[in-house]
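A quick write-up on the structure given underneath.
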Amino acid sequence: MEFGWINLFGAVIVIVMMIPNIVYAARNKDEKNLCTNKVMNLIEQIGRYACIVLMWFPLLVWKFGFAGVLEMLIYLVGNGLMLFVYLLVFARYLKEKTSQRAMILAVLPACIFLLSGLLLRHWLLVLSALLFAIGHIYVTKQNFDAS
């Protein structure tokens, strides 16, 4: 159960996650990042873009795939469920912003990236997911608290 040089499942996950973010950005063009901690902003962005790239491409991975059918099912079902919840929460967040929804939207993508990295034994993705989680949760909290 190996992938070639690209992970189409990972690509679909990233694309689906980006759609509501694009809608949100289009609706809130004037919204600014209120987090003034440059280090945390940088950690968030490095983690975000590294995760996006590494979900698609197996950079620095010798064998890119699952150890067995069970891991593949956990990957598909686990990511599918988290992605579904992400989309539901995002739809509700677009109607009414709450700190709880903002935190769920900060945590779920990091969990998707982390689960993917662990099951694929893609350790660079795992590291990137942890960086993204730390930065994204911090920046999200700062932005919501400052608004």
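The values are calculated or read from the model by the stated rules, or taken from the named source; none is laboratory data. On a predicted model such as this, the values are computed, not experimentally measured, just so you know. Virtual Cβ from ideal backbone geometry, glycine too; neighbours counted across all protein chains shown.
Applying the criterion of being aliphatic (A, V, I, L, M) and surrounded by fewer than 19 Cβ atoms within 10 Å (Cβ to Cβ) to the residues of segment 127-146, the residue that is modelled with the lowest pLDDT is Ala146. Among the residues of segment 115-132, those identified as part of a helix (DSSP H, G or I), farther than 20 Å from Ile19 by Cα and of a type outside the set (Val, Ile, Thr) are Leu115, Gly117, Leu118, Leu119, Leu120, Trp123, Leu124, Leu125, Leu127, Ser128, Leu130, Leu131. Here Ile19 meets each of (1) outside any loop (DSSP other than H, G, I, E, B); (2) over 11 Å from the mean Cα position of the chain (by Cα); (3) surrounded by 14 or more Cβ atoms within 10 Å (Cβ to Cβ) with one exception, condition (3). Listed conditions (1) out of contact with any Ser or Thr (no Cβ under 8 Å at 6 or more places or on another chain); (2) within 30 Å of Asp145 (Cβ to Cβ); (3) touching a residue at least 40 places away in the same chain (Cβ under 8 Å) are all met by Leu60, apart from (2).
For segment 50-96, the set of residues classified as exposed (fewer than 12 other Cβ atoms within 10 Å of the Cβ) and assigned to a loop (DSSP other than H, G, I, E, B) consists of Leu60, Trp62, Lys63, Gly68, Glu96, listed by residue number. Scanning segment 12-70 for residues that are within 15 Å of Leu131 (Cβ to Cβ) and among the polar types (S, T, N, Q) gives Asn37, Asn41, Gln45.
A residue that is of a type outside the set (D, E, K, R), surrounded by fewer than 14 Cβ atoms within 10 Å (Cβ to Cβ), over 25 Å from Ile6 (Cβ atoms) and over 15 Å from the mean Cα position of the chain (by Cα) occurs somewhere in segment 99-110.
Taking every residue in segment 124-147 that is within 9 Å of Glu44 (Cβ to Cβ) and pairing it with any residue that is outside any helix (DSSP H, G or I), at least 6 positions away or on another chain, the pairs with Cβ-Cβ distances below 6 Å are Val139/Cys35.
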